[in-house]
1. Would you be able to say whether some residue in the range B:122-136 is under 30 Å from A:W192 (Cβ atoms), out of contact with any Lys or Arg (no Cβ under 9 Å at 6 or more places or on another chain) and of a type in the set (S, T, Y)?
2. Can you find a residue that is within 11 Å of chain D (Cβ to nearest Cβ) and assigned to a helix (DSSP H, G or I) anywhere in the range A:104-116?
3. Listed residues D:A81, D:A71, D:A76, D:A22; which is touching a Leu at 6+ places or on another chain (Cβ under 7 Å), under 26 Å from D:M110 (Cβ atoms) and either at pLDDT 95 or above or of a type in the set (A, V, I, L, M) (or both)?
4. Taking only pairs six or more apart or across chains, which ones have beta-carbon atoms under 6 Å, a first residue in the range C:82-95 that is under 22 Å from C:T161 (Cα atoms), and a second residue that is buried (at least 24 other Cβ atoms within 10 Å of the Cβ) and of a type in the set (S, T, Y)?
5. Can you pull out every residue in the range A:24-48 that is surrounded by fewer than 15 Cβ atoms within 10 Å (Cβ to Cβ) and without any contact (Cβ under 8 Å) to a residue 60 or more places away in the chain?
6. Any idea which of (1) assigned to a strand (DSSP E or B); (2) under 28 Å from C:T178 (Cβ atoms); (3) among the aromatic types (F, W, Y) is the one C:F10 doesn't satisfy?
7. So which of C:L176, C:L196, C:L220, C:L167 is under 25 Å from C:P89 (Cβ atoms) and crowded, with 22+ Cβ neighbours inside 10 Å?
8. May I ask you to say which residue of D:A128, D:A139, D:A135 is surrounded by 15 or more Cβ atoms within 10 Å (Cβ to Cβ), more than 10 Å from every other protein chain (Cβ to nearest Cβ) and within 28 Å of D:V245 (Cα to Cα)?
Amino acid sequence: MNLRRALLFGGLAFALLLPLLAGALGLDYAVGIATRILILALAGIGLNLILGYGGMISFGHAAFFGLGGYVVAILSRHEMRGEPFMTWPFEVAGTDQAILAWPAAMLACALAALVIGAISLRTSGLYFIMITLAFAQMLFFFFVSLETYGGDDGLSLLSRSAAGPLDLHDPAQFYYLVLVLVLIALLATARWANARFGLALQGIRDNERRMRALGFATTRTKLTAFVISGAIVGLAGALMVNHTEFVSPAFLSWQRSGEILVIVVLGGMGTVFGPLAGAVVFFMLEEVLSQWTQHWMVIFGPLLVLAVLFAKQGLWGLVAAKLDRRG
Amino acid sequence: MAESLLKVTGLTKAYGALVACDGVDLDIAPGEVHAVIGPNGAGKTTLIGQLAGELRPDSGRVSFAGRDITHLPIHVRSARGLARSFQITSVFPRFSALDNVALAVQAHAGGNFRFWADARKDSTLRDPAFACLERVGLAARAKVPARVLAHGEQRQLELAMALATDPRLVLLDEPTAGMGREDSARMVTLLTGLKGKIAMLLVEHDMDAVFALADRISVMVGGRVIATGRPDEVRANTEVRRAYLGEDEIA
Amino acid sequence: MLNVQGLEVFYGESQVLFGLDLAVGAGEAVTLLGRNGMGKTTSVRAIMGLVPPRAGQVHFEGRDIAGLAPFRIARAGLGLVPEGRQIFPNLTVRENLVATARPAPGGEAAWSLERVLALFPVLHERLNAMGDQLSGGEQQMLAIARALMTNPKLLILDEATEGLAPLVRAEIWRTLETLKAAGLAILVIDKNVAALARFANRHTIIEKGRAVWRGTSAELTADPSLSERYLGV
Amino acid sequence: MLLLEQILNGLQLGVMLFLLAAGLTLVLGIMNLVNLAHGSLYMVGAFIAASAAQWTDSFLLGLLIALPATALVGIAVEAIALRHLYDRDHLDQVLATFGLILFFNEAVAMIWGPRALFLDPPSWLSGAVEILPGAPYPAFRLAILILGLGVAGFLYWLVARTRLGMLIRAGASNREMVGALGVDIKRLYTLVFGLGAMLAALAGVMAGPIYAVETGMGEPVLILAFVVIVIGGIGSIRGALVGAVLVGTADTLGRAFLPGLFGAMMGPAAASGVGAALASMAIYILMAAVLVWRPRGLFPAHG
């Protein structure tokens, strides 16, 4: 347990000091990479809620990632041009305020998740995988054909969101904001995994039929998880569009859905730190392999196959098992 | 006889040409242990499925505690006090024994949308759960993950979970399935201890268990109940013997 | 011919068979009796390789077949008529018969489509019906016929008369008599003591995964308390 | 006449999807394996055909080389990787075959380079045919349509009439029993897989002259093929055919007519955008609707 605590605080200290270290070593670009890793970890945390704790294999979570990104970009664009986003049935102006745009992104994703979830959860197993994929494709093509907002070419964010006293254009400040959000999400995961909601969700994952017989209204619980999950991934998308200052249908591509899935599984499904570990490793692998060869996918693909065949509990799962054994 | 707790009338369910349940009538008094026996394929599992709410009957009525529950979903039946245990052990393997039972308590305590408070430190869930474990003699194993429990212990845990929903009637689908002699005997003792407090509908092939426990027995053959009565009556019933031993040969 | 010794089977953590012994000689009819849930079907599945035995040996014609893939065991000459019949619902009767048909290991094909249909005239009339359009009795006959089409040396029937009308049962017993007379070795699982005593030579009763009684038909019928104790109500 | 042409286009997309979906649904139905890398075989088939056609200067020879070569690639993939996934859950299958996609896309880029290849239709099919007086239609597309229907017919015959087909259907409903009756299921799997790979390659070769032969060409089509089998019902060849034709025509007609339709209704500028968006979403809406109505598809397999 002490080792685990040491690891936690060591990791936290490293994360907090990272911008200073990077500055000292002249590796300024590292802050950007770390921000990117954290954002994808946040998306992983969102997916982990339903995949790791709820056993729902969504192959379409990039839909929320992209939707969240588009909401921020579109609102900002309307703000820039001074045109309202919509005028009927009531007028909604554009905004570049993080405090408005980011919750709006989460809300839009929650609503989308409510609709997608309500339909998808009627099915199960393979059909669920496919229908979530199909919904993501649907949104993908929706944004591809949405010429008003760039269509295939995507949409630039002319300026990162305004966040009160913070200047998000400063890499370190943006990094810290993302870090705080990820920490909150991690803490929330740790809490609700052990709260009544989380236990019910895990019970459903392990044996839904039994849960119904015990008296749980399981669909409601699953749908709630799906909506929360969509909102978190939407927030990650909102952050990512701020990071890249650009959004395109590629945000919603099925490859992106696969990537988030890989991050969660590689890191360790149903563990608090799994998605974070997964995101770190995913990027390290990409970094190391792509320095070796530009065709790094040719190595990464088979590695993924091997990981699925031989290391199912994921990296954090392995670490956690080691720590537990040491006591 | 006292007002019946569960009353089944004309329950019918067919799969294509095969009528698995053919106009079944059944009633169970409060506190009664009622066994349903019969050869494989007689429709016992289909019957339990319909009572629990997993299968929708083609026709017929099920009423429980005086109210029609024929079309209620499973979780609502459970809330009314109709619990079920499974033929194939289905505990939650990753959870500890106590977690398993606490989850069953939570099913009716509600609060499934509490996201923050640690449910594992919630005495309103843990205390009743622990009491149920004590009742089935598993208190010493409370912290052991369910997957590590021996098969017999898992069946005991299964029973504790059914009890934790505070039922008035438990549907027991082969509680001694897959158990050796000693475990079977222990389970029978356990169930005997509950007699009179909770009504039970028992589907079981182990006749020792059936005759040790049942107040009344219904015999199902080919989707129909061909006899209902006290154990000695059923044992003496020639039609039952014939059906059970297959002595219907046209020699 | 078939020799099973000390067979132990587990489903996950729970043990279902506790060291079962069983033997069937060439041309012999042997039964396995017991109430439901006592391990009969598991015994059959273990013999056929459908569940892996954790301990014990299974020899067929002197060859160790324990742990082989089911298709190799079947090809060694075991024909299975499984519990619940398990005919292919989306195939016609003819297709059910033809799909897995094969000559015996030696190469001779004693059971042709014609001969099987002659044995079960009912199936002849329904050759083009889908499997799931058959009545229970017809399905059962199809399951037996399907196993015969693989030209086995030993036929294993798991609850072949369960849930059938008396007349149909009688017909199936008559068919089995014919097969036995033709020299086929047969292992039957059933609960119909009277019919089994007439049909088979030797019997084994199992309870809770163990053989608790072994004997001849004469011994089985001489002691009615046996069937009361282990099989009846 | 435009309508007729679009319907033919839709049918032609449909038969192509069917070729892909047939292999996918067989593998899913009988082996219970979700193979995302099926689209990679489509791509590999197209690349091999493009190269072989260049060397031999013959489209037909390219096709004839690509089919068995892709079948071999498929069988190798099955033996090396997929065989270990049959008993795994769908998540493992999705992830591992996702890994295979990454591998194949990159491997193809390494072998053939990043640029798209072109596969020219044979000269005797490069013209147009007058299907109705005054309605010309590209001969190659017509050939695809006819060949696709022919293959669909062949598949129907194979599955409905041959012993292999019986075993495939039997295996889809009760795999264990097929084994217990003495059939070597592993070999059956390999056969089915090889067959599926060959059909994917055929679809790839036929797509070659119409779309570009490039890395990543497999996945958009693969997702459409999944939509097809989910609509049709997993494991059902008939479902795959009906689903493919539905998806093919819905997509083609939607793209051809919806923008104009909305333009007429709501005025051109903004509305054609809505129409275009709806058109590209049409098949997914179709799929969602089918699943809401019938959660297991139009022709749920037996068992």
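The values are calculated or read from the model by the stated rules, or taken from the named source; none is laboratory data. Since the model is a prediction, treat every value here as computed from it, not as a measurement. We place every Cβ from the backbone using ideal geometry, glycine too, and count neighbours over all the protein chains shown.
1. Scanning the range B:122-136 turns up at least one residue that is under 30 Å from A:W192 (Cβ atoms), out of contact with any Lys or Arg (no Cβ under 9 Å at 6 or more places or on another chain) and of a type in the set (S, T, Y).
2. Within the range A:104-116, one or more residues are within 11 Å of chain D (Cβ to nearest Cβ) and assigned to a helix (DSSP H, G or I).
3. Result: D:A81 is the single residue among D:A81, D:A71, D:A76, D:A22 that is touching a Leu at 6+ places or on another chain (Cβ under 7 Å), under 26 Å from D:M110 (Cβ atoms) and either at pLDDT 95 or above or of a type in the set (A, V, I, L, M) (or both).
4. none
5. A:A24, A:L25, A:G26, A:L27, A:Y29
6. Unmet for C:F10, out of (1) assigned to a strand (DSSP E or B); (2) under 28 Å from C:T178 (Cβ atoms); (3) among the aromatic types (F, W, Y): (2).
7. Working: C:L196 fails: under 25 Å from C:P89 (Cβ atoms); C:L220 fails: under 25 Å from C:P89 (Cβ atoms); C:L167 fails: crowded, with 22+ Cβ neighbours inside 10 Å.
It is C:L176.
8. Being surrounded by 15 or more Cβ atoms within 10 Å (Cβ to Cβ), more than 10 Å from every other protein chain (Cβ to nearest Cβ) and within 28 Å of D:V245 (Cα to Cα) holds for just one of D:A128, D:A139, D:A135, which is D:A139.
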